[in-house]
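All remarks here apply to the structure that follows.
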Amino acid sequence: MKAPAFRYHAPRSLGEALELAATLPGARLLAGGQSLLPMLTFRLLAPEHLIDLARVPGLAGIEERDGEVRIGAMTRQREIEFSPVVAQRLPLLAEAIRWVGRRQTRNRGTLGGSLCHLDPAAEQPTVAMAMDARLEIARATGTRTVPMRAFAQDLMTPALEDGEILTAVHFTPWPREHGWGFQEYARRHGDYAIVAVAALLLREPAADAGRGRIVRASVTVGGVASTPQRVAEAEACLIGSTGDATALEAAAEACARVPAMGDAQVPAWYRNRIARTLAARALAQAAERIGALA
């Protein structure tokens, strides 16, 4: 099939892009196209206008400043994959990005494109939820910042208003001694995950008498519900524990109780079962890595 007819726009500044987004009826933003273009080809979408952000300066790049890592929305996934800043300061993102599609798609796909598409099984929204990312959004009257928990409103429904453009994502790195883990299951390598789990653990310094206790935890499941879900019950099981097998098992069981969506291919009970298995693996991975980067 071929895409329906549309008018193509290639703005050369953020101001021009914002004006087009605010004034053109039925416009869609193109930020890499690894999800949008197939949807156009299959005529799942029929926008009147397509606004390509590839030529807008200032929307790509990775920088660490004031205790944060700022990644421009148009930063290619391939750049994130090989960034030394991401590897050292955001190891969870560095690990998860290698699960995204294949090399060819990562060459063109962008962080902002994935977050705005907001597929519930996509790796980047799951990591952004796990790390409490803050999203920088531009509009004609200025900018606003939205936490990832508020940005992910529903299935493929980001908290973007008409005329707004996601410009950057801010991550606050965890302390270097933290542990991280990411696991997902897909039918084939490179496919969208059926379920994905991201885990982060931070332990207090070990006392002379034994292992330190976990003082901070983040557990997020993707692909189970309509948006990535932080599992507060799992985090509560971990905080205050030593990260022993009993605590990890209880946290994994909590992930299996997240209300799941089902469809003709993957029933809800199956998503819950996979969530438990992957959570156990991701948590074990995170616990083993505590102190690896310190």
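The values are calculated or read from the model by the stated rules, or taken from the named source; none is laboratory data. Computed from a predicted structure; not experimentally measured. All Cβ positions, glycine included, derive from the backbone under ideal geometry; neighbour counts span all protein chains shown. Protein only, heavy atoms only, side chains kept; ligands, DNA and RNA dropped before computing areas. Shrake-Rupley method; radii C 1.70, N 1.55, O 1.52, S 1.80 Å.
Taking only pairs six or more apart or across chains, which ones have beta-carbon atoms under 6 Å, a first residue in the range 60-80 that is more than 17 Å from Leu115 (Cα to Cα), and a second residue that is outside any strand (DSSP E or B)?
Once the first residue is more than 17 Å from Leu115 (Cα to Cα) and sits in the range 60-80, its partners that are outside any strand (DSSP E or B) give Glu64/Val85; Glu68/Thr172.
Could you run through the range 137-183 and say how many residues are among the small types (Gly, Ala, Ser) and open to solvent by 70 Å² or more (accessible area, probe 1.4 Å)?
1
Looking at Arg134, Arg187, which one is open to solvent by 10 Å² or more (accessible area, probe 1.4 Å) and either modelled with pLDDT under 95 or touching a Gly at 6+ places or on another chain (Cβ under 8 Å) (or both)?
Arg187
With respect to Pro84, is the statement that it is closer than 30 Å to Glu177 by Cβ and without any contact (Cβ under 8 Å) to a residue 40 or more places away in the chain true?
In short, yes.
I need the full set of residues from the range 98-131 which are touching a His at 6+ places or on another chain (Cβ under 9 Å) and open to solvent by 10 Å² or more (accessible area, probe 1.4 Å), in order please.
Trp99, Arg102
Quick one: Val231 ticks every box in (1) of a type in the set (A, V, I, L, M, F, W, C); (2) within 20 Å of Leu155 (Cβ to Cβ); (3) open to solvent by 30 Å² or more (accessible area, probe 1.4 Å) except a single one, so which number is it?
Of everything listed in (1) of a type in the set (A, V, I, L, M, F, W, C); (2) within 20 Å of Leu155 (Cβ to Cβ); (3) open to solvent by 30 Å² or more (accessible area, probe 1.4 Å), Val231 misses just condition (3).
Please work out if Thr277 is open to solvent by 30 Å² or more (accessible area, probe 1.4 Å), closer than 15 Å to Gly222 by Cβ and over 20 Å from the mean Cα position of the chain (by Cα).
So Thr277 passes the test.
So, restricting to helices (runs of 4 or more DSSP H) that lie completely within the range 1-117, which ones have at least 1 residues that are more than 15 Å from the chain's Cα centre (by Cα)?
Where helices (runs of 4 or more DSSP H) fall fully within the range 1-117 and carry at least 1 residues being more than 15 Å from the chain's Cα centre (by Cα), they are 14-23, 36-41, 77-81, 84-89, 103-108.
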